[in-house]
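K.L.:
The following block contains the structure, expressed as structure tokens.
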Amino acid sequence: MATSSPKHSPLINGLIYILSFRWVKRIRFIPPHEREFYRRFSEIAESLVEASNLLIQLVEKGQASHDQIAHRIALVKQHGKTVRDAIKMLINEAQQPPFNRSDISTLTENAMKTIKAIDRAAQRFMQYRVESDETMRKFADDIQAACEAFRRAMKSLDKRAARRRIPAWISEIVQLENDSDVVYDRALSGRYANIMEDLGAATELMGTIKSTAPDSSNQAADTSLRIQTLESALSRQFKLTRHLALFVARLALYGILEDTLDYLRDAAETLGRMVENNA
């Protein structure tokens, strides 16, 4: 007859478990070289968040602050390059990196492209000297939110239990990038409509000037009317020219800000592949 195992108190069972060293199997020991990878991953993610926070300041503050903020973004970019180069060195020196070498390289490059795009937007702000609008503020908010989600995901890489939350953060980034396409198209359509409205009004006024027959009975009144109409046409033409200049400047900025989210989405999708392949 089989003998049943003796029953012990919870305290004794706990001591038996500890002394049996079965708990060691549940712990994942991270080698020193892997720790350096994770430290650098966290570092470049922090640089992304810092750059996105500065972008928020750039669109919220006036032109007088643009140069100073742009300089700070340039410093973040320089630090990002240093971290990227350190990760490249780790990839080359490590016998067994924690993830696929190509994926690590792609992730790092796309993260760096995101920071560079933010820096490029700052340079364009200084170059064009335009005030931010609702579309730019929306882009900046979405970029900041996406960078924060990316930071949380990157900081979870060295914790297997926390990795389960990474797909949700990646989905958040993908959704923000999809939304940016709608924001871009809507802004482009609105700006184009304003230009066409000004163009139509200016053309109509110029047509009125050309088609109005001279009033020989009252030349003074006729001349005065023509001058007023011409002034209105020129005013419309000036407004049209200004809208065209702003359209070109803002279109360039919209494109750079949309590219920023595109690069970050690429980085996030690479991160998702890394986690999936190392589940």
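The values are calculated or read from the model by the stated rules, or taken from the named source; none is laboratory data. For clarity, every value in this text was computed on a predicted model and none was experimentally measured. Virtual Cβ from ideal backbone geometry, glycine too; neighbours counted across all protein chains shown.
K.L.:
Just the residues that are without any contact (Cβ under 8 Å) to a residue 40 or more places away in the chain, farther than 25 Å from E269 by Cβ and either part of a loop (DSSP other than H, G, I, E, B) or in contact with a Leu (Cβ under 9 Å, 6 or more places away or on another chain) (or both), please, taken from the stretch 70-94.
P.N.:
R72
K.L.:
Please verify whether A153 is crowded, with 17+ Cβ neighbours inside 10 Å and either within 21 Å of E46 (Cβ to Cβ) or of a type in the set (D, E) (or both), treating the condition exactly as stated.
P.N.:
yes
K.L.:
Anything in the stretch 221-279 that is modelled with pLDDT under 90, of a type in the set (G, A, S) and surrounded by 15 or more Cβ atoms within 10 Å (Cβ to Cβ)? List them, or say none.
P.N.:
S232, A233, A249, A252
K.L.:
While we're on this one: Return yes or no: is I195 over 20 Å from Q57 (Cα atoms), of a type in the set (V, I, T) and modelled with pLDDT of 85 or more?
P.N.:
no
K.L.:
So which of D181, D141 ends up being under 20 Å from the mean Cα position of the chain (by Cα), part of a helix (DSSP H, G or I), at pLDDT 90 or above and surrounded by fewer than 17 Cβ atoms within 10 Å (Cβ to Cβ)?
P.N.:
Sole residue among the options that is under 20 Å from the mean Cα position of the chain (by Cα), part of a helix (DSSP H, G or I), at pLDDT 90 or above and surrounded by fewer than 17 Cβ atoms within 10 Å (Cβ to Cβ): D141.
K.L.:
For residues that are over 19 Å from the mean Cα position of the chain (by Cα) and modelled with pLDDT under 95, scanning just the stretch 41-85, find the one that is farthest from Y128 (Cα to Cα).
P.N.:
Only one residue fits best here, namely Q68.
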